[in-house]
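The values are calculated or read from the model by the stated rules, or taken from the named source; none is laboratory data. The shown structure was predicted, so the numbers you read here are calculated from the model rather than taken from an experiment. Cβ atoms come from the backbone with ideal geometry, glycine included; neighbour counts cover every protein chain shown.
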Amino acid sequence: MSDETPTLESLELTKPLEKMTTKDLRQLCMDKMPLIAGASGMDKETLISNIKEYLGIEDEEGAVSPYKDRILSIKRQMREMRIEKKAVEGRKERAQLRRKINRMKKQTRALAKSV
């Protein structure tokens, strides 16, 4: 067994760290990075930052999506619409709200993907 620090390429990940689930990140730490202690109790953001620090990957400060404020405002509107949908009596109005919410979901996903 070598004492070399693994690289991101040597880990042979199938997807980026940010797209991995918390469970997968914890398993990665336990299997391939024993020097990261307490991985089983960490949240996703802490795991990602510890893995990047361990591998020597620099975080870009501008990594936050330029559309983040827009996405958050759309999600806020969606929450309000869901509450409104529960209060509406008419079937037609509920269906309209449901379609609007679905359209907004697609919009937020497209914005998040565009970065």
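For first residues located in the stretch 71-89 and without any contact (Cβ under 8 Å) to a residue 12 or more places away in the chain, partners that are among the basic types (Lys, Arg) and lie 6+ apart or on another chain with Cβ distances below 8 Å form the pairs Val88/Arg94. Flag: Ile71 matches the condition of being under 23 Å from Ser114 (Cα atoms), at pLDDT 85 or above and part of a helix (DSSP H, G or I).
Checked against the criterion of being in the same structural domain as Thr22 (by TED's automatic domain parsing), at pLDDT 85 or above and small (Gly, Ala, Ser), the stretch 83-106 contains not a single residue that satisfies it. Taken over the stretch 90-115, the residue count meeting the criterion of being surrounded by 10 or more Cβ atoms within 10 Å (Cβ to Cβ) and either in contact (Cβ under 8 Å) with a residue 40 or more places away in the chain or outside any helix (DSSP H, G or I) (or both) is 3.
Before we move on, is Ser49 surrounded by 14 or more Cβ atoms within 10 Å (Cβ to Cβ) and either outside any helix (DSSP H, G or I) or in the same structural domain as Thr22 (by TED's automatic domain parsing) (or both)? The answer is yes for Ser49.
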